[in-house]
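Structure first, commentary second.
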Amino acid sequence: MRTFLAALGVTLTVAALGPGAVPAAAADRNGAATGTLIVNGVSHTDPRGCYPSNGSFVSVVNNTDRTVRIYPNSACSGQSEGWLAPGGRAVMYGSSVSVD
């Protein structure tokens, strides 16, 4: 009876999450974000890592499921200048963008 109740609880939980629910490991895909990141007009699908902007200002459109950070140097190192949440867009001082 306990096994039946445990299985029923799991089934009800999965049903409540809905058909779009996926395990975290499947959604992570080795650290890549899901969606599109646009850095200075260049589109990156399912981005991961650091993207230099080749300038001192960067235009970012974050159509991913991750927060991105903007850095003052081209190597995404040191203290970040700011961050941009999923769905956000901004033009700001920075020379690279990193996907968290």
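The values are calculated or read from the model by the stated rules, or taken from the named source; none is laboratory data. Computed from a prediction, not measured in an experiment: that's the story for all the values here. All Cβ positions, even for glycine, are placed from backbone atoms using ideal geometry, and neighbour counts span all protein chains on display. Only protein heavy atoms, including side chains, enter the accessible area calculation; ligands, DNA and RNA are left aside. Shrake-Rupley method; radii C 1.70, N 1.55, O 1.52, S 1.80 Å.
Worth pointing out:
- Of the residues making up region 26-77, those that are in contact with a Pro (Cβ under 7 Å, 6 or more places away or on another chain), free of Cβ contacts under 8 Å to residues at least 60 places away in the same chain and of a type outside the set (S, T, N, Q) are ASP65, ARG66.
- With respect to (1) open to solvent by 60 Å² or more (accessible area, probe 1.4 Å); (2) touching a Gly at 6+ places or on another chain (Cβ under 7 Å); (3) modelled with pLDDT under 95, the lone exception for ASP100 is condition (2).
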